[in-house]
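Here the structure is laid out as structure tokens; the discussion comes afterwards.
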């Protein structure tokens, strides 16, 4: 993967995949990226320009653009001066903070950042644990197992330190003259942190139970069990409704957990203004096409008028013929010009600004179109690596190919002023959710019956009918430098939705 672009793809739900792109920001330097995703769709699904126009594609795409979550490790939340927790403590330590509206806004921002950054830090902590577990499995003698133990200890210790430090601030916020909005933000963040710690402890419990040796396993499981019990009891004592209850659908828990996640991440979201792109070029093309058509019609009229004079039958016929061809020439010229400029014109233009709309951070342009196989870059076709089975399944007609292109240009000037109160921002996240339901309409029943003969008897077997939609993403860093890379993913679909996502390795 290019250092300046990172991608992750995952299930969002039964019908949606989530593609997350991280664009790197360089301080006071303009950066420009281009990502083209090629959808190779089987002919049998009936996805064509007529059945799946641009407007439908954009309805299936839901996009969010936000700042990349600033990075801290777990220990830094209580030790680093970049930590939102320490910043909140410093702001509250100022004697006149209660009467300062600007400080109120800063505190609320830091509370949201604390929850969002803690979630990110926990995720990175578990990724490191998975890496260490893989190392343990790769070395049968178990010489590196102490690294996994260390990371489990770190989680248990730092979880206690963060919650203790944050909850100690209750006395500063539970006062009559503290604005309700600030106190509410404190409560929401408190509940959010507790949920994060409990869910992470459960995940850690599963890792310990599966991978650690018997020597320490029971001690760790007991410590993690006590941690989850303590957090659940704390939320119950505080009157928070986000409690998991046995023999219940736990609707309230999921609802509140989801809302609190959105509340915390809202501090990172950016303002976007979506507008059609290329309108001026479109009008210019129409003008040129109209001009060519008028030239033809006028030339025919002038010639026959000069040759046969006014008010003659040939001149009358010439005017009719000129009018007949004028509209056709106009339309054909428009199509030809549009085709020539297709590579330079985009469907939509998204202006990216800070949440308050005061500062422009960049522009994202996007377009989607069906293309012929001859228009696909050779490196993309090689990454697709279509085999003979695919050719047979499509009756030798190839696949329908959709090309979805994004071009983004970013520049942030004077980051400390533009993003005041934020730790260092290193990039922007572009989160795209793509709904596959239009791809499912012409699929066969997912379960089909087949028979085999065993010991002279017919035995019924159920077979699963699936379809493969291949996605090849082509990344291009235009500035700084020019780098390209392809990545191949395969969606395994059936009539009920997404079964799984496979990453196809390069040959």
- Which members of the range 225-274 meet the condition of being assigned to a strand (DSSP E or B) and surrounded by 13 or more Cβ atoms within 10 Å (Cβ to Cβ)? 269, 271, 272, 274
- Got a sec? Which of 158, 130, 135 is part of a helix (DSSP H, G or I), modelled with pLDDT under 90 and under 29 Å from residue 428 (Cβ atoms)? 130
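Where in the range 14-127 are there helices (runs of 4 or more DSSP H), lying fully within it, with 1 or more residues that are surrounded by fewer than 16 Cβ atoms within 10 Å (Cβ to Cβ) and at pLDDT below 90?
Numbers: elements: 54-60, 76-79, 84-93.
Helices (runs of 4 or more DSSP H) meeting the threshold: 84-93.
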- Query: Which ones in the range 202-224 are more than 34 Å from the chain's Cα centre (by Cα) and part of a helix (DSSP H, G or I)?
  - Reply: 214, 215, 216, 217, 218, 219, 220, 221, 222, 223
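Scanning for something assigned to a strand (DSSP E or B), modelled with pLDDT of 90 or more and touching a strand residue (DSSP E or B) at 6+ places or on another chain (Cβ under 7 Å), does the range 419-433 turn up at least one residue? Lay out the reasoning, then the answer.
Of the residues in the range 419-433, the ones assigned to a strand (DSSP E or B) are 427-433.
Checking the rest, the ones that are also modelled with pLDDT of 90 or more come to 433.
After this cut, where a residue has to be touching a strand residue (DSSP E or B) at 6+ places or on another chain (Cβ under 7 Å) as well, the list is 433.
For the range 419-433, residues assigned to a strand (DSSP E or B), modelled with pLDDT of 90 or more and touching a strand residue (DSSP E or B) at 6+ places or on another chain (Cβ under 7 Å): present.
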- Message: When you scan the range 88-98, do you find a residue that is touching a strand residue (DSSP E or B) at 6+ places or on another chain (Cβ under 7 Å) and either in contact (Cβ under 8 Å) with a residue 60 or more places away in the chain or within 30 Å of residue 420 (Cβ to Cβ) (or both), even just one?
- Response: no
- Message: Restricting to the range 460-475, give me the number of residues that are without any contact (Cβ under 8 Å) to a residue 12 or more places away in the chain and surrounded by 15 or more Cβ atoms within 10 Å (Cβ to Cβ).
- Response: 0
- When the range 448-472 is checked residue by residue, the ones that are assigned to a strand (DSSP E or B) and either under 21 Å from residue 13 (Cα atoms) or in contact with a helix residue (DSSP H, G or I) (Cβ under 9 Å, 6 or more places away or on another chain) (or both) are 464, 467, 468, 469, 470, 471, 472
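Please enumerate the residues belonging to the range 174-190 that are without any contact (Cβ under 8 Å) to a residue 60 or more places away in the chain and crowded, with 19+ Cβ neighbours inside 10 Å. If you could, list the steps in order and put the result at the bottom.
Applying the first criterion (without any contact (Cβ under 8 Å) to a residue 60 or more places away in the chain) to the range 174-190 yields 174, 176, 180, 183-184, 187, 190.
Within the range 174-190, 190 is the sole residue that qualifies.
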- Message: For the range 344-380, give me the residue count where each residue is surrounded by fewer than 16 Cβ atoms within 10 Å (Cβ to Cβ) and assigned to a helix (DSSP H, G or I).
- Response: 5
- Note on the structure: Apart from one, (1) within 20 Å of residue 83 (Cβ to Cβ); (2) loosely packed, with under 15 Cβ neighbours inside 10 Å all hold for residue 166; the odd one out is (2)
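The values are calculated or read from the model by the stated rules, or taken from the named source; none is laboratory data. Everything quoted here is computed from the prediction, not taken from an experiment. Cβ sites come from the backbone with ideal geometry, for glycine too, and all protein chains shown count toward neighbours.
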